[in-house]
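The structure under discussion appears below in the form of structure tokens.
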Amino acid sequence: MTAVSGRPAEEDVRELFGQSVAVFASLAGSAHVVEAANPAFVAAVGEERVRAGVPLGDVLPQDFRALLDRVFRTGEPGTARDVGIVPATGSPGLFDFTCEPRRDGSGEVVGVRVIGVEVTQVKHAQRLMSEHRALLEQIARQAPLAEVLDGMARCIEELAPDEVLVSVLLADADGLHLRHGAAPSLPDFYNEAIDGIATGEGVGSCGTAAHRREPVMVADIGTDPFWDDFRGLAGRAGLAACWSTPILARDGGLLGTFAMYHRTPRAPQDTDLALARVFAGTAALAIERHHIEQAKAAAEALAKAAHDELARAVRAEQKLRAEAEERAAAAAELNAQIRAAAATQAAKPHPEHCQLGGAGGCTAAAEIKIADSWGDAAWGCPTHVEEAIINVRSVFIASEELGGLAAYVNR
């Protein structure tokens, strides 16, 4: 597990699991009326109930009352796990109990002795840790970032002892703005309004936490100056407290913020701070993994683009080379035709038909004389002469008493 803000992760886990609270009570008679109890038991059941002598069996779950009845009836001890107690005031709790018979001098059972340990916080923490392991497994198998963050937010909201609304904002690459990441229980209008808020001193809880790189715990949005610009928005969303923890990379860079909202003004307890640190660290793992995957994908795309560009350049070079080879072949063929025509001219100085028509011949009149720098010459029609001039650089118009040049100029 990752440590956050310089605090060992093991300390946060111990904080989440809390300290065991032992409760004790001595019950009398088959109605199980409290005769004596320690303060922890009184607080769990309710002081007014204990003082009024209300039979404990009337306020405890039926299964636990059946256990008390059995111990009282048989004189045999018994145990009960995860017994829920709902006090007259306060939050319900879970307890593990051991029940033993109380006997008088003659050995008769006159009551039951109850010894227990509250496990409420332990049970909540165990469930949270189980979900936390599941989130780490999601990150390890490279689940989409939005899926991981949304699942984390819903997990905390569902399992936290008190109502909480979770939000994760993601930092832009420049670290100057925060973007929506996950907030399944906040209103859409609220998420849209804070999407893109700046990081800076006094910009709500999250903007300030991102700017300071340290937690910012606002217990009362209605009076805190950090919320002056957002108080009306928070009021519309029914938000009264906001505790924000920066999500930091291993090198200290800003990745985002992890916020816990409440419907009523409230200051965080040690368990709340531990919960924020643990899951801010989890969010950091998910976001950093996402950034690594993005960088990897960008590098692969860049490499592919470079490979494709190189392939295009190779194909273009091959095409140009093929075209050059074709032009060279055409020039060689024309040179051969000129040399062949020159040989023919020795017997017939001015042929009747074009000598540059290739193997198929050309029936057009021979009007223009051309020659090359080696002294070879030939007569041809304007079309084939033009082709020879374009493709054979050494060819020029030969002046046969200016006839060839004049015919070319006036063509």
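The values are calculated or read from the model by the stated rules, or taken from the named source; none is laboratory data. A quick note: this is a predicted structure, and the numbers were derived from the prediction, not measured. With ideal geometry, Cβ positions are generated from the backbone for all residues, glycine too; neighbour counts draw on all protein chains shown. Accessible surface is based on the protein model in full, side chains and every heavy atom, while ligands, DNA and RNA are left aside. Shrake-Rupley method; radii C 1.70, N 1.55, O 1.52, S 1.80 Å.
Of all the listed residues (Ala286, Ala299), the sole one being aliphatic (A, V, I, L, M), open to solvent by less than 80 Å² (accessible area, probe 1.4 Å), in contact with a helix residue (DSSP H, G or I) (Cβ under 6 Å, 6 or more places away or on another chain) and under 30 Å from Arg179 (Cα atoms) is Ala286. There is no residue in the range 321-328 that is within 23 Å of Phe226 (Cα to Cα), part of a helix (DSSP H, G or I), of a type in the set (Asp, Glu) and out of contact with any strand residue (DSSP E or B) (no Cβ under 9 Å at 6 or more places or on another chain).
Only residues that are modelled with pLDDT of 90 or more, more than 20 Å from Arg212 (Cα to Cα) and open to solvent by less than 50 Å² (accessible area, probe 1.4 Å) were counted in the range 252-275, giving 1.
Please enumerate the residues belonging to the range 158-178 that are touching a residue at least 24 places away in the same chain (Cβ under 8 Å) and either open to solvent by less than 20 Å² (accessible area, probe 1.4 Å) or within 17 Å of the chain's Cα centre (by Cα) (or both).
Leu159, Ala160, Val164, Leu165, Val166, Ser167, Val168, Leu169, Leu170, Ala171, Gly175, Leu178
Considering each residue of the range 302-314, count those that are among the hydrophobic types (A, V, I, L, M, F, W, C) and open to solvent by 70 Å² or more (accessible area, probe 1.4 Å), and give that number.
Initially, the range 302-314 is screened for residues among the hydrophobic types (A, V, I, L, M, F, W, C), giving 302-303, 305-306, 310-311, 313-314.
Add one more test, that the residue is open to solvent by 70 Å² or more (accessible area, probe 1.4 Å), and what stays is 302, 310.
Residues meeting the conditions: 2.
If only one of Glu201, Glu214 is out of contact with any Lys or Arg (no Cβ under 9 Å at 6 or more places or on another chain), of a type outside the set (A, V, I, L, M, F, W, C) and either part of a strand (DSSP E or B) or at negative phi (or both), which one is it? Walk me through how you get there before you give the answer.
Numbers: Glu201 fails: out of contact with any Lys or Arg (no Cβ under 9 Å at 6 or more places or on another chain).
Testing whether each residue is out of contact with any Lys or Arg (no Cβ under 9 Å at 6 or more places or on another chain), of a type outside the set (A, V, I, L, M, F, W, C) and either part of a strand (DSSP E or B) or at negative phi (or both) leaves just Glu214.
I need the full set of residues from the range 45-74 which are buried (at least 16 other Cβ atoms within 10 Å of the Cβ) and at pLDDT 80 or above, in order please. Quick ask: steps written out before the conclusion?
First, pick out the residues of the range 45-74 that are buried (at least 16 other Cβ atoms within 10 Å of the Cβ): 45-46, 49-50, 54-57, 59-60, 64-65, 67-68, 71-72.
Across the range 45-74, the qualifying residues are Phe64, Arg65, Leu67, Leu68, Val71, Phe72.
Of the numbered criteria (1) touching a residue at least 40 places away in the same chain (Cβ under 8 Å); (2) not in a helix (DSSP H, G or I), the one Thr264 fails is (1).
Each residue in the range 205-229 was checked for being crowded, with 22+ Cβ neighbours inside 10 Å and more than 22 Å from Ala249 (Cβ to Cβ), and 3 of them qualify. The residue of the range 110-145 that is farthest from His290 (Cα to Cα), among those that are of a type in the set (Asp, Glu) and either out of contact with any helix residue (DSSP H, G or I) (no Cβ under 6 Å at 6 or more places or on another chain) or buried (at least 21 other Cβ atoms within 10 Å of the Cβ) (or both), is Glu118. When Val148 is tested against (1) of a type outside the set (Phe, Trp, Tyr); (2) farther than 20 Å from Trp243 by Cα; (3) open to solvent by less than 50 Å² (accessible area, probe 1.4 Å); (4) modelled with pLDDT of 90 or more, just one condition goes unmet, and that condition is (4). Within the range 363-411, the set of residues being polar (S, T, N, Q) and modelled with pLDDT under 85 comprises Ser373, Asn391, Ser394, Ser399, Asn410.
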